[in-house]
Amino acid sequence: MQIYDSSTTAARLPFDALIPALARMFREGCTVPRRHNHALGTTSGTQNSLLIMPAWQQGKYLGIKHVTIFPGNGAHGLPGLHSTYTLFDAGNGVPLAIIDGDRITTCRTAAASALAASYLARRDARTLLIVGAGNVAAVLAPAYAAVRDISRVLVWNRSPSKAVSLAQQLTQQGFDAHAEPDLQAGVEQADIVSCATLSQEPLVRRAWMRPGTHLDLIGSFQPYMREADDASFADTAVFIDTEEALDKAGDLLSPIAAGVFSRDRVQATLETLCQGRHPGRRSDEEVTVYKAVGTALEDLAAAMLVHAGNPAGGQG
């Protein structure tokens, strides 16, 4: 059985390979049961949790992502979330690999975002605004550069110093990147706005978006999280990664409750786009919104790609 640490996992997930791998998996499909969520009791007054997320393609591969969430870890200098991914041969149940789950999640989240943008962002989109400065935000520019000719990157974060740090990091990678202290000004300049935060209140406003903007919301994944205001869903073309987003995402639940959006106004899922059953963006003036909460299908596709790069031919 192979073991892939964070750096090895990242090296085997280049976006020019990962994005097509995700598209292929969305076209082919796989079995994705609802995730298991187990309470592990409390530590220092905070609730600990275990998440188990399986997915498989019959006779090919079976994968399970395990995530532990210990919110009180920060007091001890430890991350609050840890994740590993176990890959099996779905034909005989033999374990093939243990892979760094955090790196898989980071890379596949950015790759799925870029995959959606390949259908939803204008062909001539050049300016990318990244809202956030965490692990996923750090890889959005190279992900988007795999599907659009990104010539300018702006970074906004609640902590200006973190925005500056990420902009410097992207500059070292060859991007024309700058920290943007004014979120409204950043949105007004951007062709693509990608939000990768854990915000619990709306950050981006519909009034700031010019015609042809693509808004990407990939950070929030719980009913109490928000990255965009209700108006962002009132007169735009809305797309989602999976139907689960309609039950989990505060960015969708809030405008539905307010009566400015409805479930039947969702244009398509990422699967529908990849299968060619919806054309995606219909005009250069249309404002498109993509809301994602993530799916184990993406984890499996990424894990298969990591293991396929194994010198032993992907057989463990």
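Under the condition of being of a type in the set (Val, Ile, Thr) and under 14 Å from Lys291 (Cα atoms), which residue from region 183-231 is surrounded by the most Cβ atoms within 10 Å (Cβ to Cβ)?
Val193
When residues of region 176-207 are filtered for being within 22 Å of the chain's Cα centre (by Cα) and farther than 25 Å from Arg123 by Cα, how many remain?
The total comes to 7.
Applying the selection to region 216-271, what residues are part of a strand (DSSP E or B) and not polar (S, T, N, Q)?
Asp216, Leu217, Arg226, Glu227, Ala228, Ala237, Val238, Phe239, Ile240, Val266, Ala268
Scan region 222-236 and report the pairs whose first residue is assigned by the TED database to the domain that holds Pro255 and at pLDDT below 95 and whose second residue is hydrophobic (A, V, I, L, M, F, W, C) and surrounded by fewer than 21 Cβ atoms within 10 Å (Cβ to Cβ), with Cβ atoms within less than 9 Å and a gap of 6+ or a chain change.
Within 9 Å, the pairs are Gln222/Leu198; Pro223/Leu253; Met225/Leu198.
Could you tell me whether region 276-284 includes any residue that is within 15 Å of Arg24 (Cα to Cα) and outside the structural domain of Ile99 (by the TED database)?
yes
Considering only region 12-59, state which residues are under 26 Å from Arg277 (Cα atoms) and either assigned to a strand (DSSP E or B) or charged (D, E, K, R) (or both).
Within region 12-59, Asp16, Arg24, Arg27, Glu28, Thr31, Arg34, Ala55, Trp56 meet the criteria.
Looking at Ala97, Ala110, Ala117 in this structure, which one is buried (at least 20 other Cβ atoms within 10 Å of the Cβ), in a strand (DSSP E or B) and modelled with pLDDT of 90 or more?
Going through Ala97, Ala110, Ala117 in turn, just one is buried (at least 20 other Cβ atoms within 10 Å of the Cβ), in a strand (DSSP E or B) and modelled with pLDDT of 90 or more: Ala97.
I'm trying to understand the selection: among the residues of region 60-90, which are touching a strand residue (DSSP E or B) at 6+ places or on another chain (Cβ under 7 Å) and assigned to a helix (DSSP H, G or I)?
Passing the criteria: Pro71, Gly72.
The values are calculated or read from the model by the stated rules, or taken from the named source; none is laboratory data. What you see is a predicted model, and the numbers here were worked out from it, not measured in a lab. Positions of Cβ are backbone-derived with ideal geometry, glycine not excepted, and every protein chain shown enters the neighbour counts.
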